[in-house]
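Readers should treat all values here as calculations from the given coordinates under stated rules, not as data from a laboratory. What you see is a predicted model; the values in this text were computed from it and never measured. Cβ sites come from the backbone with ideal geometry, for glycine too, and all protein chains shown count toward neighbours.
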Amino acid sequence: MQTKSPLGNISIVLVDTKTPANIGAVARGMMNMGLSRLVLVNPPEDRDSEARKLAAGADDILGRAAVFSTLREAVADQGLVIGASRHRSRRRTNVHSPRETAEQAAPLLERNKVSLVFGNEVNGLENSDIALCHELVAIPSSEQFPSLNLSHAVMVVMYEFLAATMTGERLEARELAPVGELERFYAHLRDNLLRTGFINDRNAEDMMFSLRQVFGRARLDSREVSILQGVLSALEGRAKRD
């Protein structure tokens, strides 16, 4: 009996891709690395013919690709969302190399859906999309020419995940909370922080981005999210009584 590969729980998510050929090249790379779940967010309308030229045998992956209008919809049921970004800043703290990312995430693949998210060829991921990512992966490259082709960047990250799952080590059984649950918690938290005056309309976006980074590092499961929601509800109830 053939054992199901943990790579089956990985989705490659391409956001706002401009060049259909890159979609095809990514699909071919997925075949090489043993991945099959392709997700397209706001893809170009006339993509099929050019994408299939570069897919070179990965037509089935293109044909089964899920299409969404927003990243929020695309990752709602995912347990771990990892965004690719070559831009580092004081706000982006959960940034790791492809090898570190794969080694840390591989143990979770048995029971969790994991999305690897890549932005468009020009600007990468928008801040609103990065806010939905629990962690970021950055590929080291030459300072003289740091920008990688989209399909090449995807291939580098996929290779590290393939390598990390071939070690034969026992996989972790912990199941993470899906993004949809986390987003409801973040909305609840934001409302409470606004109500108490801890944040205001001017700094809410920056503060919530930082808090998302904190909770992203924690890799919360559904029970932990439920506890946090309960804490917020209890505080709301106490505030009303006071």
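Computed quantities for the displayed model
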read-out	value
Environment charge of residue 128, counting only residues whose C-beta is closer than 10 Å and scoring Lys/Arg +1, Asp/Glu -1	-2
Spatial extent of the range 84-146: Rg and Dmax, with the Cα atoms as the point set, Å	12.5, 41
Calculated FRET efficiency for the pair residue 232/residue 104, C-beta based, R₀ 22 Å, to 0.05	0.15
Extension reserve of the residue 67-residue 127 stretch, reckoned as 0.36 nm per residue once the Cα distance is removed	19.5 nm
Share of pairwise Cα separations in the chain, more than 25 Å, in percent	45 percent
Of all DSSP beta bridges in the chain, antiparallel share, percent nearest 5	5 percent
Computed E for residue 97/residue 241 - FRET, C-beta separation, R0 45 angstrom, nearest 0.05	0.35
Value at 222 nm in deg cm²/dmol, rounded to 500, when DSSP H runs of n ≥ 4 in the chain each add -39,500 (n - 2.57)	-14000 deg cm²/dmol
Nearest-0.05 FRET efficiency for residue 143 and residue 56, computed from C-beta distance (R0 25 Å)	0.15
